[in-house]
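I have placed the structure first, in the form of structure tokens, so that the comments after it can refer back to it.
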Amino acid sequence: MHIKLINRILHFSRYKVKCAIGKKGVVGKKREGDLSTPKGKFSFNSIYYRSDRIKKVTSKLNVYKIKKNMGWCDDSASKDYNKLIYFPYKYSAEKLYLKKNIYDIIIVINYNTRIIKKKKGSAIFLHISTKKYSPTKGCIAVKKQDMKKLIKFINKKTKIQIL
């Protein structure tokens with residue numbers, strides 16, 4: 001089963017789900033910090049979740065609990081660029097353990113992950129949206145109940161096509 005993102009709507013199985021995307025829309029040439037969502041076809045990597053807020057997540061992807069010291073490196077000067085890191089950390093990194101609920105569940109999209117290119121963009125996730133679907137910094141965000149539906153369908157062969 002594959003997922004398509006067209007005009008801020010995710011299409012999968014028989015569902016159509018509203019979502020938020022990067023503040024500057026979808027672009028073909030993503031750059032670090034450009035507030036855009038990358039265009040293309042990508043697989044999914046793994047799922048991270050807040051076990052204090054979400055009951056156990058079951059998926060065909062690898063599933064990990066988010067710990068307070070976890071982050072994702074967004075500093076292209078680091079050898080860990082676009083990878084999971086642990087704080088304290090001397091380079092710039094996004095915290096995964098937040099007061100806001102947007103990172104209660106994160107599905108890592110395999111964007112710039114296999115052969116990592118510096119400044120091409122990092123931390124592209126499918127995560128929980130705000131109530132008003134506020135634009136993201138480049139991720140895709142859906143309501144929590146829609147995320148739970150998506151997790152049931154996603155496996156290691158599933159692709160997301162961002163148009």
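Structure notes:
- Scanning the range 105-133 for residues that are part of a loop (DSSP other than H, G, I, E, B) and either buried (at least 24 other Cβ atoms within 10 Å of the Cβ) or touching a strand residue (DSSP E or B) at 6+ places or on another chain (Cβ under 6 Å) (or both) yields N110, Y111, G121, S122, A123, I124, S129, Y133.
- Within the range 102-128, if we keep just the residues that are more than 17 Å from I154 (Cβ to Cβ) and among the polar types (S, T, N, Q), the residue that is farthest from the chain's Cα centre (by Cα) turns out to be N112.
- All conditions in (1) of a type outside the set (V, I, T); (2) closer than 29 Å to S92 by Cβ; (3) assigned to a strand (DSSP E or B) hold for Q161, with the sole exception of (2).
- Enumeration of residues in the range 9-23 that are touching a residue at least 24 places away in the same chain (Cβ under 8 Å) and surrounded by fewer than 16 Cβ atoms within 10 Å (Cβ to Cβ): S13, Y15, K18, K23
- Residues that are of a type in the set (A, V, I, L, M, F, W, C) and either surrounded by fewer than 19 Cβ atoms within 10 Å (Cβ to Cβ) or over 14 Å from the mean Cα position of the chain (by Cα) (or both), drawn from the range 43-60: I54, V57
- Residues that are under 18 Å from L5 (Cα atoms), hydrophobic (A, V, I, L, M, F, W, C), at pLDDT 95 or above and outside any helix (DSSP H, G or I) do not occur anywhere in the range 95-104.
- Only one of G28, G40 that is exposed (fewer than 15 other Cβ atoms within 10 Å of the Cβ), closer than 18 Å to L163 by Cβ, small (G, A, S) and over 12 Å from the mean Cα position of the chain (by Cα): G28
- Within the range 147-157, the set of residues being in a helix (DSSP H, G or I) and crowded, with 18+ Cβ neighbours inside 10 Å comprises M147, L150, I151.
- Of the residues making up the range 134-144, those that are assigned to a loop (DSSP other than H, G, I, E, B) and under 9 Å from the mean Cα position of the chain (by Cα) are G138, C139.
- Residues in the range 67-92 that are assigned to a loop (DSSP other than H, G, I, E, B) and among the small types (G, A, S): S76, A77, S78, S92.
The values are calculated or read from the model by the stated rules, or taken from the named source; none is laboratory data. Since this is a predicted model, take the numbers as computed values, not measurements. For neighbour counting, all protein chains shown are included, and Cβ atoms are generated from backbone atoms with ideal geometry for every residue, glycine included.
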